[in-house]
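In what follows, a structure is listed as structure tokens, so that the remarks can point back to it.
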Amino acid sequence: MDAQHHFDDEQRDAVYRAIALRRDTRHFKPGQAVPAAQLQRLLQALHQAPSVGLMQPWRVIRITDAALREQIAALVEAERQATAAALGERSAEFLRLKVEGLRDCAELLALVLPPDDGTVFGRRTLPREMALCSAGCAVQNLWLAARAENLGLGWVSMVEPAPLADLLRLPAGAQPLGLLCLGPVERFYDAPMLEQQGWRQGRPLSELLMDNHWNEG
């Protein structure tokens, strides 16, 4: 294999280490900034994600207006309260969790699924699902790049899409897929925060891997 495409053991291990240490981050150091060159590297990593039919179904809106950020934060808080109400007996426990870092993160990005561009290649049977999967790959690229840059990233999906679309002035057919909080952190979580807080425990791969047919349980 030519040198350009070969990973040595150290480089391979660094990739796996970034995957293992990636965390959905909710705690950020307030008052920080992401240098322009670093932000460009991160956004380029996002943009290098694979996509079905090379459709690149991601649009990113950088939120730089403080008043707009505050309006978005209010939408997230409204959904936090609605989620708590829907959780019944776990409501109080949920409200003690920190579920976002919109006001403290250095950069706030809105991830948007654009109007369907008509791509058929690879999408004839699952058109919307493949667009969503491709956008998810873009976020994972950004997440791993952020971790390699020693920055935290949190994906906030706790928001009603219609009012957020109105705030972002999205065109018809576009849909927000969430908010990405990015920036420096005091420290990274040793384990996923929901595990640390006792909300839920991740299941091992052995319980989720099957041969030939569905055999869970």
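The values are calculated or read from the model by the stated rules, or taken from the named source; none is laboratory data. Here the structure is a predicted model, which means the values were calculated and not measured. No Cβ is skipped: glycine too gets one built from the backbone with ideal geometry, and neighbour counts run over all protein chains shown. The accessibility values were calculated without ligands, DNA or RNA, using every heavy atom of the protein model including side chains. Shrake-Rupley method; radii C 1.70, N 1.55, O 1.52, S 1.80 Å.
Among the listed residues Q32, Q48, Q40, Q4, which satisfies the condition of being open to solvent by 40 Å² or more (accessible area, probe 1.4 Å), under 16 Å from the mean Cα position of the chain (by Cα) and of a type in the set (S, T, N, Q)? I'd like the intermediate steps shown before the answer.
Values: Q32 fails: under 16 Å from the mean Cα position of the chain (by Cα); Q40 fails: under 16 Å from the mean Cα position of the chain (by Cα); Q4 fails: under 16 Å from the mean Cα position of the chain (by Cα).
Only one candidate qualifies: Q48.
If you take the residues of the range 204-217 that are assigned to a loop (DSSP other than H, G, I, E, B) and among the acidic types (D, E), which of them is surrounded by the most Cβ atoms within 10 Å (Cβ to Cβ)?
Start the filter on the range 204-217 by keeping residues that are assigned to a loop (DSSP other than H, G, I, E, B), which leaves 204, 208-217.
In the following step, the residues that additionally are among the acidic types (D, E) were identified as 211, 216.
Numbers: D211: 5, E216: 7.
The selected residue is E216.
Any residue that is in contact (Cβ under 8 Å) with a residue 60 or more places away in the chain, in a loop (DSSP other than H, G, I, E, B), closer than 19 Å to A174 by Cβ and in contact with a Leu (Cβ under 9 Å, 6 or more places away or on another chain) - is there at least one of those in the range 34-53?
yes
State all residues of the range 142-155 that are open to solvent by less than 50 Å² (accessible area, probe 1.4 Å) and of a type in the set (S, T, N, Q); if no residue qualifies, say none.
None - no residue of the range 142-155 is open to solvent by less than 50 Å² (accessible area, probe 1.4 Å) and of a type in the set (S, T, N, Q), so the list stays empty.
So, of the residues in the range 56-84 that are assigned to a strand (DSSP E or B) and either basic (K, R) or free of Cβ contacts under 8 Å to residues at least 24 places away in the same chain (or both), which turns out to be farthest from E100 (Cα to Cα)?
Once the filter is applied, the top-ranked residue is R59.
Can you pull out every residue in the range 100-129 that is open to solvent by 20 Å² or more (accessible area, probe 1.4 Å), farther than 18 Å from G31 by Cβ, in contact (Cβ under 8 Å) with a residue 24 or more places away in the chain and among the basic types (K, R)?
Within the range 100-129, no residue meets the criteria.
Need at least 2 residues that are over 19 Å from R69 (Cβ atoms) and either out of contact with any helix residue (DSSP H, G or I) (no Cβ under 7 Å at 6 or more places or on another chain) or modelled with pLDDT under 95 (or both) per element, so show me which helices (runs of 4 or more DSSP H) inside the range 86-203 make the cut, counting only ones lying wholly within it. Working first, answer last.
Details: elements: 91-95, 127-148, 161-168, 193-196.
Passing ranges, in order: 91-95, 127-148, 193-196.
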